[in-house]
Amino acid sequence: MNARFDFLANPVSGKIVKHLAAAGKPLADSSLPATTRELVMLRASQINGCAGCIDIHTKEAAHSGETSVRLHLVAGWREATVFTEAERAALELAEEGTRIADAAGGVPDEVWANAAKHYDEDQLAALVSGIALINAFNRLNVLTQRPAGDYQVGQFD
């Protein structure tokens, strides 16, 4: 399978991707747990059908020590007992923020309030920024049909 367009090789889109990647660096430096960050990135990518980002965030999460059981249950997190209340709040915020067009009023206040119970302002900033960023990457990959499966952990560090 070949991509429709190699946005990494194009001078214009390549620069944009570099800026998007740089925008993600503060997320790694934030106090938001890395596990939570990877679970959120994975869930948004599942919703958007972005195989490339699913590949990346599954492998990065596993490399960071995430269990295969939890990774397999991300898509069904509501019924799974393996996630903390804080992780569940982050996953719900990720879903609502990713499916923003499906909600007439955007992210419901109760979803935001639940996340705010578990995360401080800096962590909320990291969550919101991460959700927005992964959605941008998802769209680049889905629009161009970027193939997945060959990502190596740390490849984009």
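The values are calculated or read from the model by the stated rules, or taken from the named source; none is laboratory data. Keep in mind the model is a prediction, meaning the values are calculated, not measured. When we count neighbours, we look across all protein chains shown, and the Cβ atoms used for this are built from the backbone with ideal geometry, even at glycine. Only protein heavy atoms, including side chains, enter the accessible area calculation; ligands, DNA and RNA are left aside. Shrake-Rupley method; radii C 1.70, N 1.55, O 1.52, S 1.80 Å.
Summed over qualifying helices (DSSP H, 4 residues or more, each -39500 (n - 2.57)) and divided by its residue number, the chain shows a 222 nm mean residue ellipticity of -21000 deg cm²/dmol.
The angle between the Cα long axis of helix 85-98 and the main principal axis of the chain comes to about 50°, on a 0 to 90 degree scale. Between Arg99, Arg78, Arg70, the residue with the greatest mean-square fluctuation in the GNM of the chain (Cα pairs under 10 Å linked by springs) is Arg78. About its Cα centre, the dipole of segment 1-126 is roughly 540 debye, where the only charges are +1 on Lys and Arg Cβ and -1 on Asp and Glu Cβ. Considering only Asp120, Asp102, Asp55, give the residue with the highest GNM mean-square fluctuation for the chain, with springs between Cα atoms whenever their separation is below 10 Å. Judging by the Gaussian network model, the answer is Asp102.
Panel note: the C-alpha atoms of segment 1-75, placed on their principal axes, show extents of 39, 32, 20 Å (largest first). Exposure check, 1.4 Å probe, all protein chains in place: Lys117 carries approximately 150 Å² of accessible surface. In the assembled protein chains, Val82 presents an accessible area of approximately 50 Å² (probe radius 1.4 Å).
A protection proxy built from the mean count of other Cβ atoms within 10 Å ranks the segments 103-112, 41-50, 143-152, 28-37, most packed first, as 41-50, 28-37, 143-152, 103-112. The GNM of the chain, with springs linking C-alpha atoms under 10 angstrom apart, assigns the highest mean-square fluctuation among Gly24, Gly130, Gly76 to Gly76.
Identify all lysines with a Cα-Cα distance to Lys59 below 20 Å; exclude those on the same chain that are fewer than 8 residues away in sequence. Excluding near neighbours in sequence, the set is Lys25. Semi-axes of the equivalent ellipsoid of the chain are 25, 17, 16 Å, computed as sqrt(5λ) over the eigenvalues of the C-alpha gyration tensor in descending order.
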